[in-house]
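Quick notes on the structure that follows.
The values are calculated or read from the model by the stated rules, or taken from the named source; none is laboratory data. Values in this document were obtained by computation on a predicted structure and should not be read as measured data. Using ideal geometry, Cβ is built from the backbone for each residue, glycine included, and neighbour counts are taken over all protein chains shown. These accessible areas exclude ligands, DNA and RNA; they are computed on the full protein's heavy atoms, side chains included. Shrake-Rupley method; radii C 1.70, N 1.55, O 1.52, S 1.80 Å.
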Amino acid sequence: MNKSEDNKTYARFESLGRAIPGDILTTDQIMSQLKIPGKFKFELLTGIKSRNVCKPDEDSFTLAIKAAKDCIQRSSLKSADIEMIISCSITRYTEGHHQQYEPSMSFVIKQALGITDARSFDVSNACAGMFTGVLIAKSLIEQGVIKNCLVVSGEFISSLIHNAIRKIKTPTSNEFASLTVGDAGSALIMEATKDQDLAIQSHGFTSQTEYNRLCTAQPRPKFPGAAMKTKAKQIHDVSIKNSIPIIEEAMKSFGIKYSDIDFLIPHQTSRAAIISGAKTYSKYFKGSPGKILMNLQYNGNTASTSHFICLYDNLMKGIFKPDDRILGISYASGIVFGVIVFKINDLIKLHGSTNP
Amino acid sequence: MGAQIHNSATVLPKTRKLQRSSIRLSVKAVEDCLSKEGLDPEEIGIFINTGIFRDKHIGEPAIAALIHGDLSINCGSPFCFDLNNGGVGYINALEVCSNLIENGESKAGIVVSGDAIPRRIDRWVFPYSPAATAITLKKGPAESGFIEFFHKSFPEHADLQTSALRWDKPDFRKSNRHILKINQDKEYAQQCFESAKITLTEFFSNHKLSAADFDLLLYSHSPKQFGIKLKTWLRLPKDSYGKILDGGEIHTAGLGYSLSRAMTSSKFHQARNVLFIAVGSGIQVSLAWYRNLHQHE
């Protein structure tokens, strides 16, 4: 254990959980419903073959609970030990498509889990929701306010697909990005540690709000759920270009090089966008991380849960070694940027990996 | 100790245009708050919105990003996000903002909270007075600022105050619509008071204090009767909380409104120990103990 010299407290990831809803919607099924002329190679462009979507009895709340239970079951902590719950989803659907305002989603999650003594609140920050929860929990743990925190998100976001199908008439529609989404739940437990080697590092959390209307979502009148309008090309270009100095500063503050990263987990948007972004980073930093992780093929873009669903999937595949360093980059509508770096360490044991 | 309060400003709409936009109201509150000298807006690295009832029920981006983007003042590129937790979200956000400042994530931060009529159709069911409040926090001397935050929840009363945008069939239509439903049981104010009493008693007991040890007590405007009951129990003077507006109570901006009034009247600056008391759906009660550093200290 690398104890910090000044007895400083750090935050680490202690456990990770996931919830996958019960239905599958393929890209072929979506494309067959679109009324656009010609063949559109959506699957080739996005890398998404299918995504998991909620069954009629599933929603943001049920996904959050399922993910939280999976996370707690893998954790060395008991439910009663949890001191804080932060719910981070964009969608807060309960009982189908009722968007919950009060009590907060975190409060109803807390009740359902029977964790009566934990403090709770919701954060909402588009697809950067869980990263925002991680930053807040990390700060509260480092300052000794809490010893641990459950950061959870249930995203029932597939109504965007059905509402987009109704509206899309041309391949240039601003609702095309809505077809990439999928439903999922994710939860993680963070806890205090004195071991610097286990610490989560964060840097560059910022919002460049001059671009705040490049991607917006609100309820679709006359239909359940929401509609999202995205200027996909613009938001991609700005995200990649403006994240370079943020990553550069982050690497500098962490005392590492971009090429020291073993695995890069970007926000899971589309294969073409991720590959193009990775190429731009590699060219600028004159090096590459060991591997760029994508799990789009059978998940799609699961909004605020996407980084941690990707991490979970790859933990299950057993691809990591304990010393592997992960770089997570968040860009979300707002436009929100944030960088976290951590080593896999004990997470590997929770998912039964035999990788030495 | 936590960050220091630099300024607070509250805006109550005079026009219908402002009544129907929590974003416009919040922008005005932030601009008023930043007009006070002594804080460089570029130093603000944290920007949190805690309002619940927002323009058109927007889901993304965060309303904080939309408010920040509409400011006429150059306020850098802070990290913007929404933090929601009913009536106690404002205190949760003060704690998070203060903590992020203490942890070196930023030199200063803003918490803004605004509620307005989300859509024209919601005007019939929206029971609150539209309002927005903003507060600026900055790093200050170690002896001052937020000393402690204390929270308790009473889930047995979770059904007494609920709000949601429900996908339901309105009485006058054949098909479903997104309907704003806000329900407040007649028992809610009494239970908020009972819950606050338990929370305050435990807090005072933990610190061997009483209400008399605090020079200023600021508390939630919602529910309407809560302040009156609390004031009677604590034997507080008549002007110890902000005026309840005609037409409805102020929701998430209520506590900030009381703070703005106390700052304008100098009562806040004269007080050494200030106690913020917030109640909200759940029922949740949150307290914040703030200490002013007086110039002679």
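Looking for something among the β-branched types (Val, Ile, Thr) and under 20 Å from the mean Cα position of the chain (by Cα) - is there at least one such residue anywhere in the stretch A:37-52? Yes, the conditions are met somewhere in the stretch A:37-52. Among the residues of the stretch B:71-82, is any without any contact (Cβ under 8 Å) to a residue 12 or more places away in the chain and within 16 Å of A:Asn125 (Cα to Cα)? Looking for residues that are without any contact (Cβ under 8 Å) to a residue 12 or more places away in the chain and within 16 Å of A:Asn125 (Cα to Cα), one finds at least one in the stretch B:71-82, hence yes. Looking at B:Ile91, B:Ile67, B:Ile46, B:Ile58, just one residue is modelled with pLDDT of 95 or more and either of a type in the set (Ser, Thr, Tyr) or open to solvent by 20 Å² or more (accessible area, probe 1.4 Å) (or both), and that residue is B:Ile58. Hey, could you check the stretch A:77-116 for residues that are charged (D, E, K, R) and farther than 19 Å from B:Ile179 by Cα and say which is surrounded by the most Cβ atoms within 10 Å (Cβ to Cβ)? Only one residue tops the list, namely A:Lys110. Name the residue that is surrounded by the most Cβ atoms within 10 Å (Cβ to Cβ), counting only residues in the stretch B:1-43 that are among the basic types (Lys, Arg) and farther than 13 Å from B:Ser113 by Cα. Residue satisfying both the conditions and the ranking: B:Arg20.
So that you can scan it fast, the table gives a plain yes or no per residue for (1) more than 9 Å from chain B (Cβ to nearest Cβ); (2) touching a residue at least 60 places away in the same chain (Cβ under 8 Å); (3) of a type in the set (Val, Ile, Thr):
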{"residue": "A:Cys54", "(1), (2), (3)": "yes, yes, no"}
{"residue": "A:Lys78", "(1), (2), (3)": "yes, no, no"}
{"residue": "A:Ser106", "(1), (2), (3)": "no, no, no"}
{"residue": "A:Asp117", "(1), (2), (3)": "no, no, no"}
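Being in contact with a strand residue (DSSP E or B) (Cβ under 7 Å, 6 or more places away or on another chain), open to solvent by 30 Å² or more (accessible area, probe 1.4 Å) and assigned by TED's automatic domain parsing to the domain that holds A:Leu140, is that true of even one residue in the stretch A:30-46? Checking the stretch A:30-46: not a single residue is in contact with a strand residue (DSSP E or B) (Cβ under 7 Å, 6 or more places away or on another chain), open to solvent by 30 Å² or more (accessible area, probe 1.4 Å) and assigned by TED's automatic domain parsing to the domain that holds A:Leu140.
For every residue, the table says whether it meets (1) open to solvent by 20 Å² or more (accessible area, probe 1.4 Å); (2) away from every other protein chain (no Cβ under 14 Å); (3) in a loop (DSSP other than H, G, I, E, B); (4) free of Cβ contacts under 8 Å to residues at least 12 places away in the same chain.
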site	(1), (2), (3), (4)
A:Leu135	no, no, no, no
A:Ile146	no, no, yes, no
A:Cys149	no, no, no, no
A:Ile157	no, no, yes, no
A:Asn163	no, no, no, no
A:Leu188	no, yes, no, no
A:Glu191	yes, yes, no, no
A:Asp197	yes, yes, no, no
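Of everything in the stretch A:199-225 that is in a strand (DSSP E or B), open to solvent by 40 Å² or more (accessible area, probe 1.4 Å) and more than 8 Å from chain B (Cβ to nearest Cβ), the residue that is farthest from A:Ser330 (Cα to Cα) is A:Gln201. Being modelled with pLDDT under 90, open to solvent by less than 60 Å² (accessible area, probe 1.4 Å) and not assigned by TED's automatic domain parsing to the domain that holds B:Gln19, is that true of even one residue in the stretch B:198-213? No, the stretch B:198-213 contains no residue that is modelled with pLDDT under 90, open to solvent by less than 60 Å² (accessible area, probe 1.4 Å) and not assigned by TED's automatic domain parsing to the domain that holds B:Gln19. For the stretch B:160-189, filtering for residues that are open to solvent by 60 Å² or more (accessible area, probe 1.4 Å) and either free of Cβ contacts under 8 Å to residues at least 12 places away in the same chain or more than 9 Å from chain A (Cβ to nearest Cβ) (or both) leaves 10.
For residues that are of a type in the set (S, T, N, Q) and outside any helix (DSSP H, G or I), tally how many sit in the stretch B:21-43. Within the stretch B:21-43, residues that are of a type in the set (S, T, N, Q) and outside any helix (DSSP H, G or I) number 2.
If you filter the stretch B:230-245 down to residues that are under 30 Å from B:Gln19 (Cβ atoms) and buried (at least 16 other Cβ atoms within 10 Å of the Cβ), you find that the one that is modelled with the highest pLDDT is B:Leu230. The residue that is least open to solvent (accessible area, probe 1.4 Å), counting only those in the stretch B:251-297 that are touching a Lys or Arg at 6+ places or on another chain (Cβ under 7 Å) and in a strand (DSSP E or B), is B:Val285. Per the listing A:Ser306, A:Ser330, the residue uniquely touching a strand residue (DSSP E or B) at 6+ places or on another chain (Cβ under 6 Å), touching a residue at least 60 places away in the same chain (Cβ under 8 Å) and closer than 22 Å to A:Lys229 by Cβ is A:Ser330.
Please indicate, with yes or no, whether at least one residue in the stretch B:124-138 is away from chain A (no Cβ under 12 Å), surrounded by fewer than 19 Cβ atoms within 10 Å (Cβ to Cβ) and either without any contact (Cβ under 8 Å) to a residue 40 or more places away in the chain or polar (S, T, N, Q) (or both). The answer is yes, given that some residue of the stretch B:124-138 is away from chain A (no Cβ under 12 Å), surrounded by fewer than 19 Cβ atoms within 10 Å (Cβ to Cβ) and either without any contact (Cβ under 8 Å) to a residue 40 or more places away in the chain or polar (S, T, N, Q) (or both). Of the residues B:His157, B:His221, which single one is within 18 Å of the chain's Cα centre (by Cα) and either more than 28 Å from B:Ile63 (Cα to Cα) or assigned to a loop (DSSP other than H, G, I, E, B) (or both)? Step by step, each of B:His157, B:His221 is checked, and only B:His221 is within 18 Å of the chain's Cα centre (by Cα) and either more than 28 Å from B:Ile63 (Cα to Cα) or assigned to a loop (DSSP other than H, G, I, E, B) (or both).
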